[in-house]
Amino acid sequence: NTIVFAGILHTTVVKQVRLKNPSNVTLAYNAVLLGRDAAEFSFPKGSTVTIPPMHQGILNVEFTIRFLYPAEAVLILFSNKVARVDGATMAFSLKSEVKNIEP
């Protein structure tokens, strides 16, 4: 999946990645950013998310649009073992898009 951070030049865009836990055990994930512009993206509330059984968790990803060219990175979520249970590793493509330029 691709997550697009669209907005006005020099604004900050925050996207929420919702993770569902359909199992009966707690899952935990660590998030890592990789790629050409990975340093431009961040996790304002931390890079770890714990999801109770049968619930969902949210990971916030933040990007400030500083340049006209599209920024790209990859978000990888890998499982932290909780109670000897591994969740599936997930990857998302992150891209920015300038929608408008204001003086």
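The values are calculated or read from the model by the stated rules, or taken from the named source; none is laboratory data. Just so it is clear, the model here is predicted, and its values are computed rather than measured. In this analysis, Cβ positions are derived from the backbone assuming ideal geometry, glycine residues included, and neighbour counts consider all displayed protein chains. Please note that ligands, DNA and RNA were not included when accessible areas were found on the heavy atoms of the full protein model with its side chains. Shrake-Rupley method; radii C 1.70, N 1.55, O 1.52, S 1.80 Å.
Taking the stretch 49-87, which residues are modelled with pLDDT under 90 and touching a Leu at 6+ places or on another chain (Cβ under 9 Å)? Scanning the stretch 49-87 gives 79, 80, 82, 85, 86, 87.
Considering the stretch 10-71, the qualifying strands (runs of 3 or more DSSP E), each wholly inside and each with 2 or more residues that are open to solvent by 40 Å² or more (accessible area, probe 1.4 Å) and touching a residue at least 40 places away in the same chain (Cβ under 8 Å), run over 12-20, 27-34, 56-64. Taking every residue in the stretch 75-103 that is polar (S, T, N, Q) and pairing it with any residue that is at pLDDT below 90 and surrounded by 15 or more Cβ atoms within 10 Å (Cβ to Cβ), at least 6 positions away or on another chain, the pairs with Cβ-Cβ distances below 6 Å are 79/87.
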